[in-house]
Amino acid sequence: MEYKTLYIAGISILLLFLGGCAQKVKVRALEPAEIDRVAYTKRIAITNFKNDRVGLAGKIEAKLAKFQIDGKNYFRVISRNDLKKVIQEQKLQSSGLVDEKTAVKLGEVVGAQAIVSGRVSTPTKQDSYFYENRVKCADLKCKEIVTYQVRCMKRLFSLSADLKIVDVAKTDIIYADTITKGAMYKHCSDDSRALPSTEMAAQNLANQIADSFTYKLTPHYRNFEVSLLEDPDLDYTDRQKKLLEVSLEYIEHGRLDKAEQFLTQLISSTGEKSYVAFYNLGVVKEAQGDYEAAKEYYEYADHLMVEPVEEINKAVVRINQLIAKRKKTMEQLNR
């Protein structure tokens, strides 16, 4: 009896916990590049990097050349073969972080608006040893279990790169940074999997550095979730409760258009007094990318609040940020 009581209590707590998780909507928002000035210098060239045994310059070049936003190339990347010819003809040194004067000369000859140069560190590897506990049966029937230890090794890899972008027209540095990436691997004596070689690990880290560098220079989409309000804030009639319930079901199935219809009816039937209806409709419009409409509905919900509602407070701040970021992104895309 005691066990049964505890079991029922546990199930009840679990159901209460699950019931407390609010339904959420996935939102995909376009955000501007972190390094805004690069949007003015989209015709770009990448020099050979010093000590670049991992091919980082080529990786960055490929990622910038392939990067698209809404199906359109963001950069015009000048061929490294063309750049190499100019370097040879002009007898310029292209290894390492070229100075602004050399970068400007290179850019002027090949028609680049910006030049990327860099220096790559030698990959580092550090090993340390430790023991881990294991258990096994002491006999065939496994009546007893014994504990034993196996020797293990932890291997840390690290790679850094100094990267710089020079504005050809203004002859100054747009952006300079040192990007470091690391990885940890573990191998025990009873593990059949082998540790990666330094070369393989360095290649993976170089890809990560190239991704981080590209991310800073380009607009990108960010995915996040927004919670809905599921409980009436007024004394809803049975029909109004049904309108809210059905709208939430359509949202759950990705039918935002149908949810919008039912939420609009709910707003009308409550005499425009329900902040829940206005807020949820704002979430729908935000998920559809109609930020101006979402802002209007969020402000209606905010006006109707008697006591602070966390979701609405967050929404009012968030939608203003999204509008500002989208404006900045469109400016970058249109330059």
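Bear in mind these aren't lab numbers, they're just calculated from the coordinates by the rules spelled out. Since the structure is predicted, the reported quantities are computational estimates derived from the model, not experimental observations. We place every Cβ from the backbone using ideal geometry, glycine too, and count neighbours over all the protein chains shown.
By the helix-only formula, in which each DSSP H run with n ≥ 4 contributes -39500 (n - 2.57) and the sum is divided by residues, the chain has a 222 nm mean residue ellipticity of -15000 deg cm²/dmol. GNM remark for the chain: springs join alpha carbons under 10 Å apart, and the peak mean-square fluctuation among Gly118, Gly254, Gly55 falls on Gly254. For the residue pairs Lys72/Lys216; Lys63/Lys105; Lys59/Lys216, alpha carbon separations beyond 21 Å are given by Lys63/Lys105. Taking the Cα centre of the range 226-333 as reference, the dipole from Cβ charges on Lys and Arg (+1) and Asp and Glu (-1) amounts to some 460 debye.
With both labels modelled 7 Å from their Cα along Cα-to-Cβ, the Thr180 to Tyr129 distance reads 2.7 nm. Only one of (1) 17.3; (2) 27.9; (3) 23.8 was calculated from the structure for mean projected area of the Cα convex hull in nm², and its label is (2). Taking 4.7 Å between beta carbons as the limit, the unpaired Cys residues of the chain are Cys21.
Treating the beta-carbon of each Lys and Arg as +1 and of each Asp and Glu as -1, no other charges, what is the dipole magnitude of the chain about its Cα centre, to the nearest 20 debye?
Charge dipole of the chain: 1980 debye, to the nearest 20.
Distance between the pseudo-spin-label points of Cys137 and Asn223 (7 Å out from Cα toward the beta carbon): 4.4 nm. For the chain, a Gaussian network of Cα nodes joined below 10 Å ranks Leu256, Leu30, Leu106 by mean-square fluctuation, and the top entry is Leu256.
The residue list Val226, Thr237, Ile267 was ranked by how far each Cα lies along the charge dipole of the range 226-333 toward its positive end, using unit charges on Cβ atoms, and Val226 comes out on top. Fully extending the segment from Asn320 to Asp290 would add 9.6 nm, taking 0.36 nm per residue of separation and subtracting the current Cα-Cα distance.
Which cross-chain or sequence-distant (5 or more) residues have an amide H under 5 Å from the amide H of Tyr175, H modelled 1.01 Å from N in plane? Here Ile165 satisfy the definition.
Number of Lys-Lys pairs in the range 226-333 with C-alpha atoms under 18 Å apart and a separation of 8 or more places or on different chains: 15. How far is the Cα center of the range 263-335 from the Cα center of the range 34-53, in Å? With the range 263-335 and the range 34-53 each reduced to a Cα centre, they are spaced 38 Å. If you look at the Cα atoms of the range 124-212, you get an Rg and a Dmax of 22.1, 79 Å. Based on Cα contacts under 8 Å between residues 6+ apart, the range 256-298 shows a relative contact order of 34 percent. Amide H contacts for Val168 (H built 1.01 Å from N in the peptide plane; partners 5 or more residues away or on another chain; cut-off under 5 Å): Ala114, Ile115.
Projected area of the range 226-333, taken from the Cα convex hull and averaged over every viewing direction, in nm²? Reported value for the Cα convex hull: 6.7 nm². Distance between the C-alpha centres of the range 208-233 and the range 107-152: 29 Å, rounded to the whole angstrom.
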